[in-house]
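First up is the structure itself, then whatever we jot down about it.
The values are calculated or read from the model by the stated rules, or taken from the named source; none is laboratory data. Quick caveat, the model's predicted, so the values are computed rather than measured. With ideal geometry, Cβ positions are generated from the backbone for all residues, glycine too; neighbour counts draw on all protein chains shown. Side chains included, ligands, DNA and RNA excluded: accessible areas come from the protein's heavy atoms. Shrake-Rupley method; radii C 1.70, N 1.55, O 1.52, S 1.80 Å.
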Amino acid sequence: GVRDGLGAYIAKPETYPPDVVVYHNDDFVAIHDMFPKSSLHLLLLPRDQTKTRVHPFDAFEDAEFLAKVKTESRTLRKLAAGELRRKYGKDSAQEQARQAALSADPPPDKLPQGRDWEQEIVVGVHAVPSMNHLHVHVLSVDRYSERLKHRKHYNSFSTPFFVPIEDFPLAEDDARRNPAKEGYLKRDFTCWRCGKGFGNRFAELKQHLEQEFKEWKKL
Ligand code: 5GP
Ligand code: ZN
C-alpha cells in the first residue's frame, strides 16, 4: 500500500536519479521527500531489516543503533547545510559581509564568520509516522512549501509531535509518547520564527510563512 512507499528506496537505491536519492551506503539511504514541507526536505532511511518496520521510539531504544543513526544524521545535516548555503548564501547579509571583507585590499586579519546554516536545519521523527519504513526528517526550518497544504502538515513539524533526534533516548514518562492525548496536531498555530499566534487561521499563517521565509534567507 501507499504506506510502504519508502521501501523501494531502501531495496534499490541505485535505480534512482540523484535528484531523488541523494546518496546511499550499506546502512542508509538519503532521499528527497516527494512532498517537501520546507524549501529543503530530506529523509534518512536506515536499511537495517530488523529496524525498518519498527516505530522510531522503539527502534531508538537500541543504543548502538541510535548512535549510528545520530552519526549519519549529522552527516546529512552538514550536506543539507551546504545545500542551503548554495541556495541562499548569496542573499545572506552575513555572506555578503564576508565576500566584501575577502575582496578588500588588503583583506582584514579576521574575516567575518559566514552564516552557520547547520543551525537552520531540524532533524527528527514524527511521534506518529504515516509511512511504515523508519525514516528521519532532515529539513530546513522555514516550513515554506507549496506542499504544506494542511493544518496537520504545519503542526507535525512545529509542535512536540516532531521529536528531534538529539532528544533520544526518551525518558519513560516523556509526554511525547502519548501524542494523541497531547493533541499536538490540533493546537493553535504558532510561527516557528517569531512566535506569533495564528489561532486556527491557516491561510493567514501561510502568508506569514512566506514573509518569514524571505527575511530568513536574507538574514
Ligand atoms: P511521516 O509523517 O511518516 O513522518 O513522513 C513521511 C514522509 O514521507 C512525508 O514527509 C511524505 O511527504 C514523504 N513521502 C510519502 N511518500 C513518499 C514517496 O513515495 N517518496 C518520497 N520520496 N517521499 C514520500
Ligand atoms: Zn513569524
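Failed condition for PRO169, given (1) open to solvent by less than 70 Å² (accessible area, probe 1.4 Å); (2) farther than 30 Å from GLN211 by Cα, with all others met?
Here PRO169 meets the rest and fails (1).
For region 48-60, give me the residue count where each residue is surrounded by 13 or more Cβ atoms within 10 Å (Cβ to Cβ) and either free of Cβ contacts under 8 Å to residues at least 12 places away in the same chain or acidic (Asp, Glu) (or both). Walk me through how you get there before you give the answer.
Step one: of region 48-60, the residues surrounded by 13 or more Cβ atoms within 10 Å (Cβ to Cβ) are 48, 51-52, 54-57, 59-60.
Filter again for either free of Cβ contacts under 8 Å to residues at least 12 places away in the same chain or acidic (Asp, Glu) (or both), leaving 48.
Result for region 48-60: 1.
Mind checking which residues of region 117-159 are open to solvent by 50 Å² or more (accessible area, probe 1.4 Å) and either touching a residue at least 12 places away in the same chain (Cβ under 8 Å) or in a loop (DSSP other than H, G, I, E, B) (or both)?
Of everything in region 117-159, those that are open to solvent by 50 Å² or more (accessible area, probe 1.4 Å) and either touching a residue at least 12 places away in the same chain (Cβ under 8 Å) or in a loop (DSSP other than H, G, I, E, B) (or both) turn out to be GLU118, VAL128, SER130, MET131, ASN132, TYR144, GLU146, ARG147, LYS149, HIS150, ARG151, LYS152.
Within region 190-219, how many residues are within 21 Å of LEU40 (Cα to Cα) and either open to solvent by 80 Å² or more (accessible area, probe 1.4 Å) or not in a helix (DSSP H, G or I) (or both)?
Here the count works out to 11.
Being at pLDDT below 90, open to solvent by 70 Å² or more (accessible area, probe 1.4 Å) and closer than 21 Å to ALA80 by Cα is the filter here; which residues of region 99-116 pass it?
Matches in region 99-116: GLN113 only.
Can you name the residue in region 1-37 that is more than 9 Å from ligand 1 (Cβ to nearest atom) and closer than 16 Å to SER73 by Cβ and is also surrounded by the fewest Cβ atoms within 10 Å (Cβ to Cβ) among such residues?
Out of the qualifying residues, it is ASN25.
Which ones in region 77-107 are in contact (Cβ under 8 Å) with a residue 12 or more places away in the chain, assigned to a helix (DSSP H, G or I) and not hydrophobic (A, V, I, L, M, F, W, C)? Walk me through how you get there before you give the answer.
Step one: list which residues in region 77-107 are in contact (Cβ under 8 Å) with a residue 12 or more places away in the chain, which gives 77-85, 87-89, 91-95, 97-98.
Adding the requirement that they be assigned to a helix (DSSP H, G or I) leaves 77-85, 87-89, 91, 93-95, 97-98.
Within region 77-107, ARG77, LYS78, GLY82, GLU83, ARG85, LYS87, TYR88, GLY89, ASP91, GLN94, GLU95, ARG98 meet the criteria.
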